[in-house]
Amino acid sequence: MMEKSVYSDENASTAMEYIANSSSVFTPPPTTSPTIENLDAAEETHQFDADAAFLLNITLICCTLLAYYLKKNKCYFLPESAVAMLVGVFIGGIARLTVTDLTLFSFSPEFFFFVLLPPIIFEAGYSLEKKQFFENIGAICLFAFGGTIISTFVVGMLTFWFAQLGIIHHVDKNNPMEALLFGSLISAVDPVATLSIMGSPELQCDNLLYSLVFGES
């Protein structure tokens, strides 16, 4: 009986030591209360996000109202894309003058090319008159490949020549590669502008012209 009591006391003391050691190891870190600086930074970030969302909503509302006004009054001299661009320039200028951090107002090229542009081109290609398109596939390929190459070299070499004459600055005068790259960018037809202007049903654009320009783009 004495041996059992001794063993039980030793086991109890060992268990108490293990619990004490484990509690000392797994002590949770003390929590820090938010400081005034953190609260001010969070409030400033919230206010900035609210201002950006407000300007974005104002931009969308202005574009929608002006597009409806143009369609209602049949103002064909100014397309909807040009109106949206002017509204963006105006509100962007206001934002640049009044807002210090323009992170939320920047537009990502990847978002445009991989999110916005594919549905536009898919819708236009899906609704395109395939018979008119394939009947002129030779002329479309001629404009797309031959015309683009010729325009690239003409624009690029003129740019390089003007740079050598000193008319254009910030262009490499010794190597025409930079000027040719600029010519290739300028010579490519913009599909968004083509679809927004020539694809409007109110303009009643010629099907042959639309097929050639859209096919090239």
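The values are calculated or read from the model by the stated rules, or taken from the named source; none is laboratory data. Not measured: the values here are computed from a predicted model. Because the Cβ atoms are built from the backbone with ideal geometry, glycine has one as well, and the counts that use them run over all protein chains shown. Note: areas computed on protein heavy atoms with side chains; ligands, DNA, RNA excluded. Shrake-Rupley method; radii C 1.70, N 1.55, O 1.52, S 1.80 Å.
Can you report the number of residues in the range 152-170 which are in a loop (DSSP other than H, G, I, E, B) and either touching a residue at least 12 places away in the same chain (Cβ under 8 Å) or among the aliphatic types (A, V, I, L, M) (or both)?
The first filter runs over the range 152-170 and keeps only residues in a loop (DSSP other than H, G, I, E, B), leaving 166-170.
Right, trim to either touching a residue at least 12 places away in the same chain (Cβ under 8 Å) or among the aliphatic types (A, V, I, L, M) (or both) and you get 167-168.
Count: 2.
Can you tell me which residue within the range 142-158, out of those that are open to solvent by 70 Å² or more (accessible area, probe 1.4 Å) and aliphatic (A, V, I, L, M), is nearest to Glu216 (Cα to Cα)?
Initially, the range 142-158 is screened for residues open to solvent by 70 Å² or more (accessible area, probe 1.4 Å), giving 142-143, 145, 149-150, 153-154, 157-158.
Next, from what is left, pick out any that are aliphatic (A, V, I, L, M): 142, 149-150, 154, 157-158.
Values: Leu142: 9, Ile149: 12, Ile150: 14, Val154: 18, Met157: 23, Leu158: 23 Å.
Taking the candidates together, the pick is Leu142.
Would you please name the residue that is farthest from the chain's Cα centre (by Cα), looking only at residues in the range 159-180 that are open to solvent by 80 Å² or more (accessible area, probe 1.4 Å) and within 30 Å of Val213 (Cα to Cα)? Explain how you work it out, then say what you get.
Of all residues in the range 159-180, those open to solvent by 80 Å² or more (accessible area, probe 1.4 Å) come to 161, 164-165, 167, 169-170, 173-174, 177-178.
Keeping just the survivors that are within 30 Å of Val213 (Cα to Cα) gives 161, 177-178.
On the way: Trp161: 34, Met177: 28, Glu178: 25 Å.
Across the range 159-180, the extreme among qualifying residues is Trp161.
Given the residues Phe182, Phe133, which is the only one that is touching a helix residue (DSSP H, G or I) at 6+ places or on another chain (Cβ under 7 Å), aromatic (Phe, Trp, Tyr) and modelled with pLDDT of 85 or more?
Values: Phe133 fails: modelled with pLDDT of 85 or more.
The match here is Phe182.
When you look at Ala139, is it touching a Phe, Trp or Tyr at 6+ places or on another chain (Cβ under 7 Å), within 19 Å of Tyr210 (Cα to Cα) and open to solvent by less than 70 Å² (accessible area, probe 1.4 Å), yes or no? Outline the logic, then answer.
Working: touching a Phe, Trp or Tyr at 6+ places or on another chain (Cβ under 7 Å): no; within 19 Å of Tyr210 (Cα to Cα): yes; open to solvent by less than 70 Å² (accessible area, probe 1.4 Å): yes.
It is false that Ala139 is touching a Phe, Trp or Tyr at 6+ places or on another chain (Cβ under 7 Å), within 19 Å of Tyr210 (Cα to Cα) and open to solvent by less than 70 Å² (accessible area, probe 1.4 Å).
Filter the range 47-85 for residues that are under 29 Å from Met198 (Cβ atoms), of a type in the set (Phe, Trp, Tyr) and surrounded by 14 or more Cβ atoms within 10 Å (Cβ to Cβ) and give the result.
Hits for the range 47-85: nothing passes.
If you go through the range 8-16 one residue at a time, do you hit one that is of a type in the set (D, E, K, R), over 30 Å from Met198 (Cα atoms), at pLDDT 55 or above and open to solvent by 60 Å² or more (accessible area, probe 1.4 Å)? Step through it out loud before you land on a result.
Here is the first cut: in the range 8-16, the ones of a type in the set (D, E, K, R) are 9-10.
Among the residues that remain, those that are also over 30 Å from Met198 (Cα atoms) are: 9-10.
Within this subset, residues satisfying the condition of being at pLDDT 55 or above are none.
No - not one qualifying residue is present in the range 8-16.
I'd like the full set of residues that are part of a helix (DSSP H, G or I) and open to solvent by less than 90 Å² (accessible area, probe 1.4 Å), limited to the range 181-193.
Taking the range 181-193 first, the residues part of a helix (DSSP H, G or I) are 181-187, 191-193.
Across the range 181-193, the qualifying residues are Gly183, Ser184, Ser187, Pro191, Val192, Ala193.
Look through Thr159, Thr194 and report the one residue that is modelled with pLDDT of 85 or more and out of contact with any strand residue (DSSP E or B) (no Cβ under 8 Å at 6 or more places or on another chain). Even if it seems obvious, please write down each step before you answer.
Numbers: Thr194 fails: modelled with pLDDT of 85 or more.
The unique qualifying residue is Thr159.
Out of Phe114, Phe133, Phe122, I need the residue that is open to solvent by 70 Å² or more (accessible area, probe 1.4 Å) and farther than 30 Å from Asp51 by Cα. Which one?
Numbers: Phe114 fails: farther than 30 Å from Asp51 by Cα; Phe133 fails: open to solvent by 70 Å² or more (accessible area, probe 1.4 Å).
Unique residue meeting the criteria: Phe122.
Enumerate the pairs (first residue in the range 103-128 and at pLDDT 75 or above; second residue anywhere and part of a helix (DSSP H, G or I) and among the aromatic types (Phe, Trp, Tyr)) with beta-carbon separation below 8 Å, excluding pairs fewer than 6 apart on the same chain, so at least 6 apart or on different chains.
none
Do we find a residue being farther than 24 Å from Asp206 by Cβ, part of a loop (DSSP other than H, G, I, E, B) and out of contact with any His (no Cβ under 8 Å at 6 or more places or on another chain) anywhere in the range 80-96?
No, every residue in the range 80-96 fails to be farther than 24 Å from Asp206 by Cβ, part of a loop (DSSP other than H, G, I, E, B) and out of contact with any His (no Cβ under 8 Å at 6 or more places or on another chain).
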